[in-house]
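Below you'll find the structure, written out as structure tokens, and then a few comments.
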Amino acid sequence: QVQLVESGGGLVQPGGSLRLSCAASGSIVSIYTMGWYRQAPGKQRELVATITNSGSTNYVDSVKGRFTISRDNAKSTAYLQMNSLKPEDTGVYYCKANLGHIEHWGQGTQVTVSS
């Protein structure tokens, strides 16, 4: 079993930055693909970025060039560095660990971009 705990969310002005962390415990997390998803009010949850166990990354077009996903396997932690934040980035950000059909989700952390 894998437990995920997100942190780092908050209120930030447009153009600002936040760094989200996802601390994992339990199984051998280093073999999992880690991902960040977000859900805005009234909208479906969407993929933001993923990183495989070998370090390959993937981003949704709307965050390319602004967000960076990374991982530290020694700390069993994944990160999402978010720069040049926009109001449309507002939402609850969730961390996911998956290995094949196995999925684990965190509880989410709120990110609000507003002046």
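Let me check something: with ligands and nucleic acids excluded, how do E88, E6, E103, E46 order by accessible area (1.4 Å probe), largest to smallest?
E88, E103, E46, E6
Work out from phi, with θ = phi - 60° and the Karplus expression 6.51 cos²θ - 1.76 cosθ + 1.60, the ³J(HN,Hα) of each residue of the stretch 84-97, listed in order in whole Hz, and give x for Gly and Pro.
Whole-Hz 3J(HN,Hα) from phi for the stretch 84-97: 6, 5, 10, x, 6, 7, 4, x, 8, 9, 10, 9, 9, 10.
Quick query: amide H of S84 versus all other amide H atoms, modeled in the peptide plane; which residues come in under 5 Å with a sequence gap of 5 or more or a different chain?
none
Starting from 0 in steps of 5 Å, tell me what percent of the Cα-Cα pairs of the stretch 27-115 lands in each bin.
It works out to 3, 14, 25, 26, 18, 10, 4, 1, 0, in whole percents.
Roughly how many percent of the accessible protein surface of the stretch 1-52 is carbon and sulfur, given a 1.4 Å probe and a whole-percent answer?
Answer for the stretch 1-52 is 51 percent, counting heavy atoms of protein chains only.
Along the stretch 8-20, what does the Karplus equation 6.51 cos²θ - 1.76 cosθ + 1.60 (θ = phi - 60°) give for ³J(HN,Hα), rounded to whole Hz, x for Gly and Pro?
x, x, x, 9, 9, 6, x, x, x, 10, 9, 10, 8
Below 28 Å, Cα to Cα, which lysines can K43 reach? Residues fewer than 8 away in the same chain don't count.
Qualifying lysines at Cα under 28 Å: K64, K86, K96.
Under a point-charge model restricted to the Cβ atoms of Lys and Arg (+1) and Asp and Glu (-1), what is the dipole moment magnitude of the stretch 1-81 relative to its Cα centre, in debye to the nearest 20?
Value, rounded to 20: 100 debye.
Counting only the heavy atoms of the protein chains, how much of Y59 is accessible to a 1.4 Å probe, in Å² to the nearest 10?
My reading of the accessible area for Y59 is about 40 Å².
The values are calculated or read from the model by the stated rules, or taken from the named source; none is laboratory data. Everything numeric here is computed off the predicted structure, so don't read it as measured data. Please note: Cβ atoms are built from the backbone with ideal geometry, for glycine as well, and neighbour counts cover all protein chains shown. Only protein heavy atoms, including side chains, enter the accessible area calculation; ligands, DNA and RNA are left aside. Shrake-Rupley method; radii C 1.70, N 1.55, O 1.52, S 1.80 Å.
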